[in-house]
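Report on the following structure.
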Amino acid sequence: MYHLLNQEYFSNLEREKLKFGIQLILSELYKIILIYSLAYLLDCIVPTLIAHISFFLLRQVCFGYHFSNLYVCIGTSIITFPIAVKLIASYYNMISGTLLYIIFGVSLILIYMLAPKGTEKHPLINQNHKKYLRKKMMFRVFLIFGIFCIVNFDVKVFIAYGVLVETIMLIAQSIKGEFYYEMDEC
């Protein structure tokens with residue numbers, strides 16, 4: 001794929017960016033194939049997708065903890081999404097509506113208070129970048145909240161779970177205590 005996209009006039013830096021981008025796409029594709037193959041085998045593709053989308057919508061703008069090793073990330077993603085989702089799908093009828101609303105509400109409040117959290121891989125560039133991400137985060141929080149309010153209980157459980165996972169990633173980054181900022185001198 002690299003050879004198809006590489007152009008003669010690219011600088012060394014542009015070639016390295018291209019290589020990195022291709023590696024990133026292949027890495028994410030590999031994770032998605034593993035996660036959803038297992039979700040298929042466990043017969044929980046739709047609940048996994050609901051939880052994953054809820055998580056991912058927030059993850060893009062909130063950031064939070066990142067594992068330093070790809071294999072730890074993949075293993076944790078497999079446990080967090082198809083395996084945990086299957087367990088939740090098997091027992092969610094034991095969760096009261098009140099408890100679900102409390103978990104969801106507390107998660108959203110924590111996201112509002114903690115996000116975004118810059119990481120080594122995804123630093124916050126400056127205060128303007130942080131404000132921009134917070135605006136996008138607020139839109140997505142309202143979107144998720146709105147959807148949560150109109151869907152049935154079965155779907156709410158998995159939306160709340162995806163939001164809870166992102167909250168845990170933000171708390172983990174806060175506990176780690178390393179917040180990365182790049183200084184933009186321009």
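The values are calculated or read from the model by the stated rules, or taken from the named source; none is laboratory data. All values reported here derive from a predicted model rather than from experimental measurement. In this analysis, Cβ positions are derived from the backbone assuming ideal geometry, glycine residues included, and neighbour counts consider all displayed protein chains. Only protein heavy atoms, including side chains, enter the accessible area calculation; ligands, DNA and RNA are left aside. Shrake-Rupley method; radii C 1.70, N 1.55, O 1.52, S 1.80 Å.
Anyone know which of I45, I175, I74 comes out most mobile in the 10 Å Cα GNM of the chain?
I175
If you line up the Cα atoms of the range 37-142 on their principal axes, what length do they span on each, largest first, in Å?
Computed over the range 37-142, the largest-to-smallest principal extents equal 44, 36, 17 Å.
Using DSSP to define loop residues, name the chymotrypsin sites (Phe, Trp or Tyr not before Pro) in the range 1-108 whose beta-carbon has at most 10 other beta-carbon atoms within 10 Å.
Working: sites: Y2, Y9, F10, F20, Y30, Y36, Y40, F55, F56, F63, Y65, F67, Y71, Y91, Y92, Y101, F104; in loops: Y9, F10, Y65, F67.
Those satisfying the criteria are Y9.
Starting from the residue with the highest accessible area, list M94, M138 in decreasing order, probe 1.4 Å. Spell out each step's value before the answer.
Details: M94 145, M138 50 Å².
Output order, biggest surface exposure first: M94, M138.
Quick one: putting +1 on the C-beta of Lys and Arg, -1 on the C-beta of Asp and Glu, what dipole do you get for the chain around its Cα centre, in Debye to the nearest 20? Don't skip to the end; give the middle numbers.
Working: 16 positive and 12 negative charges, 74 e Å.
So the dipole magnitude of the chain works out to roughly 360 debye.
Heavy atoms of the protein only, probe of 1.4 Å, neighbouring chains included. What is the accessible area of V157 in Å², nearest 10?
The value for V157 is about 10 Å².
In square angstrom, what is the accessible area per residue of the chain with a 1.4 angstrom probe? Kindly include the intermediate steps, with their values, before the conclusion.
Details: 11640 Å² over 186 residues.
Averaged over the residues of the chain, the accessible area is 63 Å².
On a 22 Å Cα-Cα criterion, which of the cross-link pairs K130/K176; K17/K131; K130/K156; K17/K121; K117/K156; K31/K136 come out too long? Write down the numbers at each step before the final one.
On the way: K130/K176 19 Å; K17/K131 27 Å; K130/K156 29 Å; K17/K121 15 Å; K117/K156 26 Å; K31/K136 26 Å.
Over 22 Å Cα-Cα: K17/K131; K130/K156; K117/K156; K31/K136.
Can you give me the angle between helix 97-114 and the longest principal axis of the chain, using Cα atoms only, in degrees from 0 to 90, rounded to the nearest 10?
Rounded to the nearest ten degrees, it is 30.
So, with a 1.4 angstrom probe, what is the percent of accessible area on the range 71-138 that is carbon and sulfur? All intermediate terms of the calculation are to be shown ahead of the outcome.
Numbers: 2670 of 4010 Å².
Carbon and sulfur: 67 percent of the exposed surface of the range 71-138.
In percent, what relative contact order does the chain have, based on Cα pairs under 8 Å that are 6 or more apart in sequence?
Values: 184 pairs, mean separation 60.6, N = 186.
The value is 33 percent.
Any idea what diffusion coefficient the range 75-125 gets from Stokes-Einstein, in µm²/s, Kirkwood Rh on alpha carbon pairs, 37 °C, 0.692 mPa s? Could you put the intermediate results ahead of the total?
On the way: Rh = 13.5 Å.
Result for D is 243 µm²/s.
So how do E166, E14, E120 rank on accessible area, 1.4 Å probe, biggest first, that is with the largest at the start? Spell out each step's value before the answer.
Values: E166 0, E14 85, E120 140 Å².
Descending accessible area places them as E120, E14, E166.
Which residue, Y65, I159, Y40, has the largest displacement toward the positive end of the dipole of the chain when charges sit on each Cβ (Lys, Arg +1; Asp, Glu -1)?
I159
Can you pull the accessible area of K131 for me, 1.4 Å probe, Å² to the nearest 10?
130
Can you tell me the length gained on complete extension of the stretch I53 to Y9, counting 0.36 nm per residue apart and subtracting the Cα distance?
Details: separation 44, 0.36 × 44 = 15.84 nm, distance 3.84 nm.
Full extension from I53 to Y9 adds 12.0 nm.
From the alpha carbon gyration tensor of the chain, can you work out the equivalent ellipsoid semi-axes (sqrt of 5 times each eigenvalue) and give them in Å, largest to smallest? Provide the component values of the computation, followed by the final result.
On the way: eigenvalues 196, 103, 39 Å².
Rounded to whole Å, the semi-axes are 31, 23, 14.
Simple spin-label model, 7 Å along Cα-to-Cβ: I79 to S174 in nm?
In this crude spin-label approximation the distance works out to 2.3 nm.
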